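Right, one structure below, let's go through it.
The values are calculated or read from the model by the stated rules, or taken from the named source; none is laboratory data. As the structure is a prediction and not an experimental result, all values here were calculated from the model. Please note: Cβ atoms are built from the backbone with ideal geometry, for glycine as well, and neighbour counts cover all protein chains shown.
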Amino acid sequence: DAGITQSPRHKVTETGTPVTLRCHQTENHRYMYWYRQDPGHGLRLIHYSYGVKDTDKGEVSDGYSVSRSKTEDFLLTLESATSSQTSVYFCAISGTGGLNTGELFFGEGSRLTVL
Amino acid sequence: GDSVTQMEGPVTLSEEAFLTINCTYTATGYPSLFWYVQYPGEGLQLLLKATKADDKGSNKGFEATYRKETTSFHLEKGSVQVSDSAVYFCASNTGNQFYFGTGTSLTVIP
């Protein structure tokens, strides 16, 4: 199994509070991704990173920011959480970012509830 | 832009029944195609993949063939088991972006 750890695995918070989710990998993979999973929507990309300090937006990036100061860590921050951000968040990594048909490896998910 | 469409669920089958989950894609280039499976409480894991037209991906009795002419990548299994109960996601990849379908929930009853 790919070494991907997400923390926290479960969190309940209140509207307006900041929240940071952490993804840690031990595979030294270049590409890291944050997705959210919601019923009827499947997985939607929030942000991704293609190297240290190199990030880009996905299709649902509003209200989220990310940082990657080390190869192994990719942080997702909700500056002011809203109820619409209640979701299950998945981190994924890829060695090649899809080039040469590389696959994605997923963490176990972080369930966030915003009251 | 690129996208993936897969049949809506949920799908309920009896053990040993034949399974088909339809998946079609739109892409500006020549994507690789994937099926991922998600068991309850877990992240997604790769089930099979195909990287070019007419390739067949297979794993654990599941198969899917990359059909460029119909832009499809349907998942099939000849005889499902209770342990196959999960959510299945079709996905495509172009460059460093991955696109996922909405998922199809499969329940296999004994």
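For segment B:67-89, the set of residues classified as within 14 Å of chain A (Cβ to nearest Cβ) and out of contact with any Leu (no Cβ under 7 Å at 6 or more places or on another chain) consists of B:V87 only.
The requirement of being touching a residue at least 40 places away in the same chain (Cβ under 8 Å), within 14 Å of another protein chain (Cβ to nearest Cβ) and part of a loop (DSSP other than H, G, I, E, B) is satisfied by B:T102.
In segment B:38-66, the residues that are in contact (Cβ under 8 Å) with a residue 60 or more places away in the chain form Cβ pairs under 7 Å with partners that are among the hydrophobic types (A, V, I, L, M, F, W, C) and assigned to a strand (DSSP E or B), at six or more places apart or across chains, as follows: B:Q38/B:L44; B:Q38/B:A86; B:Q38/B:V87; B:Q38/B:F89. Scanning segment A:71-97 for residues that are modelled with pLDDT of 95 or more and either farther than 19 Å from A:E108 by Cα or of a type in the set (S, T, Y) (or both) yields A:T77, A:L78, A:S80, A:A81, A:T82, A:S83, A:S84, A:T86, A:S87, A:Y89. Of all residues in segment A:55-81, those that are without any contact (Cβ under 8 Å) to a residue 12 or more places away in the chain and closer than 23 Å to A:T26 by Cα have Cβ atoms under 8 Å from Cβ atoms of residues that are outside any loop (DSSP other than H, G, I, E, B) and of a type outside the set (F, W, Y), 6 or more apart or on another chain, in A:D56/A:H47; A:D56/A:S49. With respect to A:T15, is the statement that it is part of a strand (DSSP E or B) and farther than 14 Å from B:G43 by Cβ true? So A:T15 fails the test. Might you check whether a residue that is in contact with a strand residue (DSSP E or B) (Cβ under 7 Å, 6 or more places away or on another chain), assigned to a strand (DSSP E or B), closer than 27 Å to B:Y39 by Cβ and within 9 Å of chain B (Cβ to nearest Cβ) occurs anywhere in segment A:47-59? The answer is yes; a qualifying residue exists. Among the residues of segment B:17-37, just one is at pLDDT 95 or above, in a loop (DSSP other than H, G, I, E, B) and exposed (fewer than 13 other Cβ atoms within 10 Å of the Cβ), namely B:F18. Would you say A:I93 is surrounded by 21 or more Cβ atoms within 10 Å (Cβ to Cβ), under 23 Å from A:T13 (Cα atoms) and within 13 Å of the chain's Cα centre (by Cα)? Against the criterion (surrounded by 21 or more Cβ atoms within 10 Å (Cβ to Cβ), under 23 Å from A:T13 (Cα atoms) and within 13 Å of the chain's Cα centre (by Cα)), A:I93 does not qualify.
Inside segment A:1-12, residues that are more than 15 Å from A:S83 (Cα to Cα) and either acidic (D, E) or in a strand (DSSP E or B) (or both) make up a count of 6. Annotation: B:P40 fulfils all but one of (1) surrounded by 18 or more Cβ atoms within 10 Å (Cβ to Cβ); (2) more than 21 Å from A:Y31 (Cα to Cα); (3) more than 10 Å from chain A (Cβ to nearest Cβ); the unmet one is (1).
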